[in-house]
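Contents: one structure, followed by commentary.
Every read-out reported here was derived from the displayed coordinates using simple, explicitly stated rules and does not represent laboratory data. If you're wondering where the values come from, they're calculated on a predicted model, not measured in any experiment. For neighbour counting, all protein chains shown are included, and Cβ atoms are generated from backbone atoms with ideal geometry for every residue, glycine included.
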Amino acid sequence: MNIQIFGTKKCRDTQKAERYFKERRLPYHFRDLSEYGISKGELENIKTVVPIEELLDRNGKQFAKRNLAYMVFDIEEELLNDPLLFKTPIVRHGRQVTVGYKPEIWKTWV
């Protein structure tokens with residue numbers, strides 16, 4: 001089982017995702033986006049499954065703080081430069097990826 005959770009410690013959905021895997025005693029690796037971010041290669045792997053537009057959290061605090069609603073920008077470049085713009089949690093299992101709290105999909109991975 002090789003599960004990765006990308007998120008932040010303050011995000012409620014990320015906390016729920018961690019709890020989901022802990023309760024089922026499934027090992028996972030947590031990656032805090034506020035500390036490390038996502039590398040370009042990891043983003044490429046995630047983009048093959050999830051469209052890049054779905055990864056951008058347009059309702060988040062960071063999006064509003066940077067006034068991106070009124071700007072034209074390259075989504076991939078902004079996500080790589082500011083990982084707090086990602087919707088969280090991003091959960092990976094091999095080539096499968098989910099964005100947000102999706103226990104119904106994670107159940108099929110076990």
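Inter-label distance, Asp74 to Asp32: 3.0 nm, where each label sits 7 Å from its Cα along the C-beta direction. Rounding to the nearest 10 and keeping the result within 0 to 90°, find how far the Cα-based axis of helix 12-23 lies from the longest principal axis of the chain. The angle comes out near 20 degrees. Full extension of the segment from Lys47 to Asn59, taken as 0.36 nm per residue of separation minus the current Cα-Cα distance, would add 2.3 nm.
With 26 Å as the limit, the listed pairs Lys16/Lys47; Lys40/Lys87; Lys10/Lys107; Lys61/Lys107; Lys40/Lys107 have Lys61/Lys107; Lys40/Lys107 beyond it between alpha carbons.
Taking only the alpha carbons of the chain, we obtain Rg and Dmax values of 13.7, 44 Å in that order.
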